[in-house]
Number of protein chains: 2
Amino acid sequence: MTRTPDSVVRSYIEQHQAAFLADLSDWLRIPSVSADPARSGDVRRSAEWLAAKLRDTGFPVAEVWETDGLPAVFAEWHSGDSSAPTVLVYGHHDVQPAAKEDGWATEPFEPTVIGKQLFARGAADDKGQVFFHTLGVRAHLAATGRTAPAVNLKLLIEGEEESGSPHFADLVRREAERLAADVVIISDTGMWSETTPTVCTGMRGLADAQIDLYGPDTDIHSGSFGGAVPNPAAVAAELAAALHDADRRVDIPGFYDGVIELTDRERELFAELPFDEAQWLKVAKSYGTRGEAGYSTLERIWARPTAEVNGIWGGYTGPGGKTIVPASAHLKLSFRLVAGQEVEKVREAVRAWVAARVPEGIRYELVFPGATRPCLTPLDHPALESTVRAMGRAFEQRILFTREGGSGPAADLQDVLGAPVLFLGISVPSDGWHSVDEKVELDLLAKGVETAAYLWGDLAENFRPGA
Amino acid sequence: MTRTPDSVVRSYIEQHQAAFLADLSDWLRIPSVSADPARSGDVRRSAEWLAAKLRDTGFPVAEVWETDGLPAVFAEWHSGDSSAPTVLVYGHHDVQPAAKEDGWATEPFEPTVIGKQLFARGAADDKGQVFFHTLGVRAHLAATGRTAPAVNLKLLIEGEEESGSPHFADLVRREAERLAADVVIISDTGMWSETTPTVCTGMRGLADAQIDLYGPDTDIHSGSFGGAVPNPAAVAAELAAALHDADRRVDIPGFYDGVIELTDRERELFAELPFDEAQWLKVAKSYGTRGEAGYSTLERIWARPTAEVNGIWGGYTGPGGKTIVPASAHLKLSFRLVAGQEVEKVREAVRAWVAARVPEGIRYELVFPGATRPCLTPLDHPALESTVRAMGRAFEQRILFTREGGSGPAADLQDVLGAPVLFLGISVPSDGWHSVDEKVELDLLAKGVETAAYLWGDLAENFRPGA
């Protein structure tokens, strides 16, 4: 395959930028706030607007998909080559609530360009990042002279991401056949910074647990009985404290079974990121670091499994004192998981650990309300290498790697479709997600378009999933 | 001194029993509920009734003492012997709330004799036990032919004990001179059982503490930051868990400094008590024992200092999960103290322990809202030996020893007056303190009268405080 000069792609993008921004602004004007029942009509309008726009873009299939909640959009464009890889792009068209009165400098649903920034709710999270794929695929076609993309391109644009994706896993399972893909690209994340473009290679999983501990039938007098019967609040504290050893490693036997350790290359690449711990602590609103010995802060939040006390309560919590042995105490824990850990095995380890530690005389219930699996694509995965190359061409810079410490519906796609997940996003930390004055950097948005324009050709050439 | 045959005392008591019970019943009819502002007039009436009755009994001085709350009663009867010991008897004339609708079989403020039990609110806690001293001192005079008791006898009968004695320490300090005594006898406790008469020799002290721990400025996302910053809920748990070592000893350096250990004799005597652990657990509404290694349950609750988690809270406590590192967490602790421990030294030990254990990045406040000192009278104290002898004569049985695990205003008397404190009570666990169907056993009430009748002579003979 002959590579079209990147300058061709760039001039195509430049020529179409004004129309692209005008279209994006139209979409941003639709206040598709999924959390607000009064806006459900707008979410539907947003889905219909997008489906129409994708048909305009050239997608032969662009449908509004119903769920038990708010609608998603699905689009599909076959390459015509039966051996081409199939790529599923994920994003969402719903947005967080926003109102001028919250302190916005501009009307959140009246997109406003100021300098090289476009301000609007959804500009970065996630309409802008979904939308760069429309011009991206057109630039890809223009530059290659193709009439269909070099990969089989599918888009799934959810309408309830900002409401916790309550129907997303069901939708993916229901439509697994039509969603089938060799790789999933999530365009709902960010980069390290304007000057340090990065690709995210994975998200942590999550398993949460609640432990309810019961001691005496009622609160009892600590003078008469204290020091001689087990105190469920003390036991809750003992469990929470026993989660970690002195090195702040999770001290539950079997917890680390299967964990895919960071490679030396990953650690070196993480270490190249211009990380300013003092600045990070300000963002974390925290006053010190504390974590697993032997790992940096970035490694701790991105690549290491953790156990966290999200809530603990038991006994008297009002003003003054009350000398009791409380009747009950409760713990809400969550475990962040990394690739290689299996949710069910972690739960089994937690069950055995709790059973072994709760003393006689304390009854307990342990429940695991939910879980999300981790996902990780190795640095040498060919689809990841294609993404890095495409991004490198767009940014004319070396691309570094990040991971995401949180957990998200990406794992549903990975699990149901059995495909690796990559994260291609051009948002930056200053974009104001979920906050006032959300914006997208126009230069970065153009880089997103350009990356998408290069990516499909590179993937078609270098990623042969069957091989 | 020639001892009057005990039969003389007994027949005197028998002759006066009917009038004694009629008087007690009059007093019990006054609903002196200190917790109910609408009953404050009744508490005052109760004080006035008692002062008049003590004057009738022969006390040359019997006064209603005002406080900033409800009134107490003070009475005094000099022996006329300048070398005689001075004894201060403590009790209270206020009672817990009670209403027939709570499930009483009888009207709580209409004393009712059924068989050999007198049912009424206050029958055991504490009017009955205060009142046995009236007939007791008359029997003492009748049997010895004296016109004044053999000791300088003082009574202080509080009116706010059931409301937490808010003005008691102030009152004792204000009247310290008139209350001066060589020994304090608390008649507001019980015995082991109807068949096992006992004397209580001490109460534990109490120091409570609250620790407020602060981490991030707000709750932060556990996916983005968890595992890399300190979590105040985890630190609260670590502190609570670190209170005890594997042997359930309090693991705060210096905590046990000065503790007066149980003597072998005390341990042997405790072990003679017919203690049924299964039955005790039922009363404790608990399902197992847990405490300091090397000590029995009774030793743990009576004679060992403890650390108890009274309350713990932090983070999310609602339904479902919330993946946060919470901004703050809180601990309410209380320490039971035993003789030899100094409140200020314990506080200093706790301060140092907390300071050493709270990790960087967590700010905290530690406050000690209150404290009550422990009190203990050694088994070989002559006043205690007199009490045991007097009780042994009344019960015609060997008297064993208990202690009280709780903490109370007895310590105020001990501290301000600098006198040892003994506990002479004839109530039994089935008497229903603070519950429905409170009663006193008439046979035991008579034994209380008889013990008081013997005690003053024995003390005058055997207890020479100056010696």
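Quick look at the values:
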{"quantity": "q = 0.18, 0.20 Å⁻¹: log10 I(q)/I(0) that the Debye formula gives for segment B:270-332, counting C-alpha atoms only", "calculated": "-0.79, -0.87"}
{"quantity": "Angle in degrees between helix A:6-28 and the longest Cα principal axis of chain A, rounded to the nearest 10", "calculated": "60"}
{"quantity": "Rounded to 5, percent antiparallel among DSSP beta bridges of chain A", "calculated": "70"}
{"quantity": "Within-10-Å neighbourhood charge of B:His167 [Cβ basis; K, R +1; D, E -1]", "calculated": "-4"}
{"quantity": "Where labels lie 7 Å past Cα in the beta-carbon direction, separation of B:Asp102 and A:Ala38 in nm", "calculated": "5.2"}
{"quantity": "Estimated D of segment B:1-48 in µm² per second, where Rh is the Kirkwood radius over Cα pairs and Stokes-Einstein applies at 25 °C, 0.890 mPa s", "calculated": "186"}
{"quantity": "Kirkwood Rh, angstrom, segment A:371-421 [1 / mean 1/r, Cα pairs]", "calculated": "12.3"}
{"quantity": "Percent of Cα-Cα distances greater than 18 Å, calculated over segment A:358-467", "calculated": "64"}
{"quantity": "Amide H within-cut-off set for B:Arg403, under 5 Å, with H built and near neighbours excluded", "calculated": "B:Thr201"}
{"quantity": "Amide H partners (placed H, <5 Å) of A:His244, local residues excluded", "calculated": "A:Asp251"}
{"quantity": "Reachable aspartates and glutamates from B:Lys345, criterion Cα separation under 13 angstrom, eight or more residues apart if same chain", "calculated": "B:Asp257"}
{"quantity": "Centroid-to-centroid separation of segment A:106-141 and segment B:151-198 [C-alpha atoms, Å]", "calculated": "80"}
{"quantity": "Protection proxy ranking of B:14-25, B:417-428, A:220-231 - average other beta-carbon atoms within 10 Å, highest first", "calculated": "A:220-231, B:417-428, B:14-25"}
{"quantity": "Shortest-first distances to equivalent copies, position B:Asp217, nm, label 7 Å out along Cβ", "calculated": "5.0"}
{"quantity": "Distance histogram for the protein assembly as shown (every C-alpha pair counted, 10 angstrom bins, percent rounded to whole numbers)", "calculated": "2, 11, 17, 16, 12, 9, 9, 8, 7, 5, 2, 1, 0"}
{"quantity": "Estimated vicinal HN-Hα couplings, Hz - segment A:58-66 in sequence order (Karplus 6.51, -1.76, 1.60; Gly, Pro = x)", "calculated": "x, 4, x, 10, 8, 10, 8, 9, 6"}
{"quantity": "FRET E, pair B:Asp380, B:Gln17, Förster distance 41 Å, beta-carbon r, rounded to 0.05", "calculated": "0.70"}
{"quantity": "For B:317-323, mean number of other protein chain Cβ atoms within 10 Å", "calculated": "6"}
{"quantity": "Other-chain or far-sequence residues with amide H under 5 Å of B:Ile324's (modelled H)", "calculated": "B:Ser222"}
{"quantity": "A:Arg267-B:Glu461 pseudo-label distance in nm [points 7 Å out on the Cα-to-Cβ vector]", "calculated": "8.5"}
{"quantity": "Packing-based ranking, highest mean first, of A:442-452, A:241-251, A:277-287, B:293-303 given that Cβ atoms within 10 Å are counted", "calculated": "A:442-452, B:293-303, A:241-251, A:277-287"}
{"quantity": "On Cα atoms only, tilt of B:127-144 relative to the major axis of chain B in degrees", "calculated": "40"}
{"quantity": "Longest to shortest principal axis, alpha-carbon extents of chain B, angstrom", "calculated": "86, 50, 45"}
{"quantity": "Cα-based reach from A:Lys439 at 29 Å (exclusive), listing lysines while leaving out same-chain residues under 8 positions away", "calculated": "A:Lys53, A:Lys100, A:Lys116, A:Lys127, A:Lys154, A:Lys282, A:Lys285, A:Lys447, B:Lys322"}
{"quantity": "Inter-copy label distances at A:Lys345 (7 Å, Cα→Cβ; nm, one decimal)", "calculated": "5.4"}
{"quantity": "Distances in nm from B:Gly115 to the matching label points in the other copies, shortest first (labels 7 Å along Cα to Cβ)", "calculated": "9.1"}
{"quantity": "In Hz, Karplus ³J(HN,Hα) per residue of segment B:95-105 (6.51, -1.76, 1.60; θ = phi - 60°; x = Gly, Pro)", "calculated": "9, 5, x, 6, 8, 3, 4, 5, x, 5, 6"}
{"quantity": "Pairwise centroid distance, computed over Cα atoms, of segment A:402-461 with segment B:401-423, Å", "calculated": "72"}
{"quantity": "Average beta-carbon neighbours from other chains, 10 Å sphere, peptide A:368-374", "calculated": "1"}
{"quantity": "Vicinal HN-Hα couplings computed from phi for segment B:434-449 (Karplus, 6.51 cos²θ - 1.76 cosθ + 1.60; Hz; Gly/Pro x)", "calculated": "6, 10, 7, 6, 4, 8, 10, 7, 5, 5, 6, 4, 5, 5, x, 4"}
{"quantity": "Averaged over B:239-249, number of beta-carbon atoms from partner chains that fall within 10 Å", "calculated": "3"}
{"quantity": "Per principal axis, descending, Cα span of segment B:169-221 in whole Å", "calculated": "61, 39, 13"}
{"quantity": "Peptides A:99-110, B:58-69 ordered by average Cβ neighbours within 10 Å, highest first", "calculated": "B:58-69, A:99-110"}
{"quantity": "Value of Rg to Rh for segment B:7-147 (Rh from inverse mean 1/r over Cα pairs, i.e. Kirkwood)", "calculated": "1.00"}
{"quantity": "Diffusion constant of segment A:296-408 at 10 °C, which comes from Stokes-Einstein with the Kirkwood Cα-pair radius and 1.306 mPa s, µm²/s", "calculated": "87"}
{"quantity": "As computed over segment B:202-256, the Cα convex hull volume per residue (Å³)", "calculated": "125"}
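FYI, it's all coordinate maths here, none of it is from the lab. The model shown is predicted, which means the values in this text are computed figures rather than measured ones. Every residue, glycine as well, gets a Cβ built from its backbone with ideal geometry; the counts of neighbours run over all protein chains shown.
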